[in-house]
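S.K.: Before I ask anything, here is the structure I am working with.
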Amino acid sequence: MPADTIGARIRYWRLRRGGMSQTVLAGLAGLSQPFISQVESGRRSIDRRSTLIAIAAALQVTVADLLEQPGDPTDPALNGAADAVPAIWAALLEISDGDRGAPTMPSEQVTAVLRHSNQKRLAGDYPAVARGLPPLLDEAARHGGAILAEAAYQATTCLRHLGQRHLAVDAARIAQTAAEDVDHHAWRGAARFGYVQALPVEAAGVASRVAGRAMDDLQQQAANPQVRQVLGQLHLAAALRATSDGRTTDARGHLVEAEREAATLGDPGPGGGFNAMCFGPTNVVLWQMAIAAEAGEYGRVIELSRAVSVDALPIANRRQAYWMDLGRALAHSGRTDTQALAAFSRADQIAPSLFVLNPLARDAVAAMIRRARRRAMSKELRILARRLSIAVEV
């Protein structure tokens with residue numbers, strides 16, 4: 001299968017569906033034929049989840065098929081992560097089976113390993129997290145409770161970013177069960193947040209319902225600042241899912257609640273608050289940028305970007321999300337590619353492996369390259385093309 005752009009994969013699947021025409025595909029997806037043509041040729045990228053969902057449904061494939069996730073296991077960007085996935089899967093199955101031995105190390109030592117793994121997560125180095133997960137999950141399962149909830153949460157986040165959403169969902173369920181076993185409300189909420197994030201983009205309705213039930217469950221414990229941070233994150237996740245599902249009124253309601261919680265809590269300290277979720281006014285703006293991008297409001301994304309500084313956030317994927325959303329908004333029109341290139345370069349510098357593994361980054365840069373072929377391509381754009389293994393020959 002072609003691996004260059006989302007558009008190339010759309011064309012591949014369209015032709016596999018009995019030679020379906022662009023006009024027919026556009027009609028089934030509620031889009032225009034010129035839009036499909038521009039996407040397939042790589043002149044235009046897809047920025048909205050709802051558009052990916054509509055095209056995937058019309059082609060009778062999954063969004064993951066269009067994004068080519070989890071991708072080629074031999075890709076150097078995976079840096080050994082693919083080799084760890086079978087062992088992670090086996091560890092998750094062992095935990096689900098319930099046959100756990102006695103701990104082999106004291107809880108303090110396991111907690112130290114968790115902290116070390118979490119530092120890699122904060123840096124956005126998910127391949128490194130993946131390589132350490134199998135033994136960490138095994139030992140965490142022997143301890144159970146909050147230790148297992150945190151280890152399984154790390155697995156959820158890591159697997160999701162590596163494109164292994166089905167395993168991320170399994171890990172999130174394990175995190176939920178572990179947190180419920182010890183009645184840890186903040187971890188219960190965090191595990192459900194991880195579950196919502198892990199669900200495929202096609203399951204926006206399911207994700208919204210899960211988030212809603214989680215928020216109702218946590219309301220009685222909302223006096224706890226950690227629980228309130230998680231509640232705020234759940235509102236943000238629900239707002240994004242509602243936007244991609246076309247439920248703008250629901251999305252706005254969740255955003256209002258998140259803004260209210262953030263205004264009273266303020267930004268967390270250097271550690272990023274509970275589970276380094278970074279909930280606060282700054283993170284709310286970052287999610288507002290993502291939601292505006294999903295709504296196709298690219299001018300709003302750029303406007304919001306001017307109102308916030310992300311340098312102090314301790315978690316790389318939040319800082320990178322700022323530059324990725326800004327870059328995609330700037331690249332949308334094709335008239336501000338120079339600024340978009342600068343934003344994408346910052347995203348790459350912040351978390352190189354996370355940037356290379358992002359299919360939307362690849363697609364946006366590929367579209368910029370095709371536009372740049374009409375003029376002299378900059379050195380910086382050639383560097384990003386090499387990072388993403390995109391051919392630049394005319």
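The values are calculated or read from the model by the stated rules, or taken from the named source; none is laboratory data. What you see is a predicted model, and the numbers here were worked out from it, not measured in a lab. All Cβ positions, glycine included, derive from the backbone under ideal geometry; neighbour counts span all protein chains shown. Quick note on the areas: whole protein, heavy atoms, side chains included, nothing else; ligands and nucleic acids left out. Shrake-Rupley method; radii C 1.70, N 1.55, O 1.52, S 1.80 Å.
S.K.: Report the calculated FRET efficiency for Arg300 and Gln220 (r = Cβ-Cβ distance, R0 = 56 Å), to the nearest 0.05.
M.R.: 0.95
S.K.: Placing one identical point scatterer on every Cα of segment 311-391 and ignoring solvent, what is log10 I(q)/I(0) from the Debye formula at q = 0.16 Å⁻¹?
M.R.: Taken in order of the listed q values, log10 I(q)/I(0) reads -0.52.
S.K.: How do Phe274, Phe344 rank by accessible surface area computed with a 1.4 Å probe, from largest to smallest?
M.R.: Phe274, Phe344
S.K.: Show that you can apply the helix-only estimate: for the chain, add -39,500 (n - 2.57) for every DSSP H stretch of four or more residues, divide by all residues, and state [θ] at 222 nm to the nearest 500.
M.R.: About -22500 deg cm²/dmol.
S.K.: Continuing with the same structure: Could you check how much of the accessible area of segment 128-267 is carbon and sulfur, as a whole percent, using a 1.4 Å probe?
M.R.: 46
S.K.: When only alpha-carbon atoms count, how far does segment 1-136 stretch along each of its three principal axes, as whole angstroms with the largest first?
M.R.: The principal-axis extents, from largest down, are 63, 31, 26 Å.
S.K.: Take Arg48, project a point 7 Å from its Cα along the Cβ direction, then tell me which residues of segment 195-220 have their backbone nitrogen under 18 Å from it.
M.R.: Within reach of a label on Arg48, which here means backbone N under 18 Å from a point 7 Å along Cα→Cβ, segment 195-220 contributes 201-205.
S.K.: By how many nm would the segment from Arg382 to Asp181 grow when fully extended, if each residue of separation counts as 0.36 nm and the alpha-carbon distance is taken off?
M.R.: Computed gain between Arg382 and Asp181 is 67.2 nm.
S.K.: Taking the Cα-to-Cβ direction at Thr111 and at His166 and moving 7 Å from each Cα, how far apart do the two end points lie in nm?
M.R.: My value for the distance between the label points is 3.8 nm.
S.K.: Just order 143-156, 219-232 by mean Cβ neighbour count inside 10 Å, highest at the front, would you?
M.R.: Per-residue Cβ counts within 10 Å, averaged per peptide and sorted highest first, yield 143-156, 219-232.
S.K.: Express in Å², to the nearest 10, the accessible area of Ile174 obtained by rolling a 1.4 Å probe over the protein heavy atoms while all chains stay in place.
M.R.: 20
S.K.: Principal axis extents for the chain, Cα atoms only, whole Å, descending order, please.
M.R.: So the extents along the principal axes, rounded to whole Å, are 62, 43, 41.
S.K.: Using Cα centres only, tell me the gap between segment 185-262 and segment 130-152 in whole Å.
M.R.: Segment 185-262 and segment 130-152 have Cα centres separated by 25 Å.
S.K.: So for the chain, averaging the separation of alpha carbon pairs under 8 Å that are six or more residues apart and normalising by length, what relative contact order in percent results?
M.R.: 15
S.K.: For segment 301-358, calculate the relative contact order in percent as a whole number, restricting contacts to Cα pairs under 8 Å that are 6 or more residues apart.
M.R.: 32
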